[in-house]
Amino acid sequence: NGVLSVCTNTPYKPFEYEENGKIVGIDADIANAIAKDLGAEAQLTSISFEGLDSGTGLTSGQCDIALGGISVTDERKSKMEFTDVYFEDNQAILVPKNSKISSVEDLKNAKVGAQQATSGESYAKEKGADVVQYEDNELMFSALKTGQVQAVSANLSVISEALTKDPDSFKIAYQTSENADQIAGAVAPEKKALLDKANKTIQQLKSSGELDKIKEKWTKTKSSPSSASSSSAN
């Protein structure tokens, strides 16, 4: 009916967040491009990240496609069909400026904030951290600033946004040396035709250079003082 319903999760800069009452970001631009190629209009709705992780937003018919900074994992592949990857990201650890955390070993038994059901949560748990779950990134970064947690584990692109916003309070302790996360859109298993259409748009965005422009528009990647050689199962 001329509408492409899109499930996402805000706030999750640079992928999606609200600005002047409208959802914007990398995923919003990709959603709009897919909708345009379908002759439709993208209608973005923010749901819980658990709804994206479990695929219930798709299987329940709440949305046609999910674009929410979703990492491709084997577990998620059993619940949904992924589009071509459109973003690769490292895992990173954000800490207060005066923190002594500087290596992956320092995460063991440390109180680390992470958004529920994300690769950042999985990474912190793998490294032996005492993980504190948050429903969204704003609550997570606020907890770090107020000392409720010692560090935050998330994708580098997401952490870079927080660092850019408040460089006097935070620093990146380290990041993984290889891209740990491959990020893609997702559809319900039976929506093969939509998957093909979405992939065609993503490939066109890549080949035209438009995808690089979208990334440059929304990201503010910062270099870290050091990196860890290990990467996570996202």
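The values are calculated or read from the model by the stated rules, or taken from the named source; none is laboratory data. Not measured: the values here are computed from a predicted model. In this analysis, Cβ positions are derived from the backbone assuming ideal geometry, glycine residues included, and neighbour counts consider all displayed protein chains. Accessible surface areas use protein heavy atoms only, side chains included; no ligands, DNA or RNA. Shrake-Rupley method; radii C 1.70, N 1.55, O 1.52, S 1.80 Å.
Annotations for the structure displayed:
- Proximal charge balance of L67 [Cβ under 11 Å; K/R count +1, D/E count -1]: -4
- Listed values for region 142-149 are Karplus-derived 3J(HN,Hα) couplings in whole Hz (6.51 cos²θ - 1.76 cosθ + 1.60, θ = phi - 60°), namely 5, 5, 5, 5, 8, x, 6, 10, and x replaces Gly and Pro.
- When each of the peptides 152-162, 80-90, 8-18 is scored by how many other beta carbons lie within 10 Å of its residues on average, the order from highest to lowest is 152-162, 8-18, 80-90.
- Sequence-distant contacts, meaning Cα pairs under 8 Å at least 6 residues apart, place the relative contact order of the chain at 26 percent.
- With every protein chain in place, the chain: carbon and sulfur % of accessible area (1.4 Å): 43
- Extension gain, K97 to K200, is 32.7 nm, computed as 0.36 nm per intervening residue step minus the present C-alpha separation.
- Most to least packed among 133-139, 185-191 [average Cβ atoms within 10 Å]: 185-191, 133-139
- Residue-count net charge about V149 - beta-carbon cut-off 13 Å; Lys, Arg +1, Asp, Glu -1: 0
- GNM result for the chain, Cα springs below 10 Å: residue of L58, L44, L205 fluctuating most strongly: L205
- Local electrostatic count at D106 - Lys and Arg +1, Asp and Glu -1, tallied over other residues with Cβ under 13 Å: +2
- In this Cβ point-charge picture (+1 for Lys and Arg, -1 for Asp and Glu), the chain has a dipole of about 400 debye about its Cα centre.
- Within the chain, helix-based [θ] at 222 nm, where runs of 4 or more DSSP H residues each add -39,500 (n - 2.57), nearest 500: -9500 deg cm²/dmol
- Net charge dipole size for region 84-161 [Lys, Arg +1 and Asp, Glu -1 on Cβ; Debye, nearest 20]: 520
- R0 of 22 Å, Cβ-Cβ distance K217-E88: FRET efficiency to nearest 0.05: 0.80
- Relative contact order %, region 13-120, counting alpha carbon pairs below 8 Å whose residues are six or more apart: 21
- Charge-dipole axis of the chain as Lys and Arg at +1 and Asp and Glu at -1 on Cβ define it, positive-most pick from A66, L156, I30: L156
- Antiparallel beta bridges, as assigned by DSSP with both residues in the chain, represent about 55 percent of the total such bridges.
- For region 1-101, the share of DSSP beta bridges that are antiparallel, to the nearest 5, is 35%.
- When region 111-168 is described by a simple charge dipole with +1 on each Lys and Arg Cβ and -1 on each Asp and Glu Cβ, the residue from Q116, S142, A129 located farthest towards its positive end is A129.
- Principal-axis tilt of helix 26-37 within the chain, Cα atoms, nearest 10 degrees: 10
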